[in-house]
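As structure tokens, the structure follows; a few thoughts come after it.
The values are calculated or read from the model by the stated rules, or taken from the named source; none is laboratory data. Keep in mind that what you see is a predicted model, and the values were worked out from it rather than measured. Note that each Cβ is placed from the backbone with ideal geometry, even for glycine, and that neighbours are counted across all protein chains shown. Calculation scope for accessible area: heavy atoms of the full protein, side chains included, ligands and nucleic acids excluded. Shrake-Rupley method; radii C 1.70, N 1.55, O 1.52, S 1.80 Å.
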Amino acid sequence: MIIQIDFNSDEAIYVQLCNQIILGIATSQFREGEQLPSVRQLADTIGINMHTVNKAYSILQQEGFVKIDRRRGAIISIDIEKLKALQEARDMLSVVMARALCRGVSREEIHSLVDDIYNDFIS
């Protein structure tokens, strides 16, 4: 497993880790049912805190990319319907974000807006 973390990036390490695993799934580097390294093992390999790996695994679980098994750890388990919904949302958001960026809307303003909209739905 090749995970590349840019420690100089503005992007959080747990986000980079999630993205690397998702890219690994998309490129068939990781397959359905495959066990990911333990939290401790991956943290030691990359040289990051175990809590960072745990957070990434938790997010991947919430997003339907892995299942957490108490005995086997994180297992690749892709929720195809959720992946389709995420891709559809990404496609729609890409156009909306491109329009906003063309009009000078900042990353922070976009994040705040997305958070506000999301919170409106879960409230």
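Observations on the structure shown:
- Tally, over the stretch 23-41, of residues that are in contact (Cβ under 8 Å) with a residue 40 or more places away in the chain and more than 24 Å from L83 (Cα to Cα): 0
- Single unsatisfied condition, V105 versus (1) modelled with pLDDT of 95 or more; (2) open to solvent by 70 Å² or more (accessible area, probe 1.4 Å); (3) farther than 20 Å from I3 by Cα: (2)
- Filtered residues of the stretch 39-60 (kept if of a type in the set (D, E, K, R) and over 22 Å from N8 (Cβ atoms)): R40
- In the stretch 108-123, the residues that are surrounded by 10 or more Cβ atoms within 10 Å (Cβ to Cβ) and of a type in the set (A, V, I, L, M, F, W, C): I110, L113, V114
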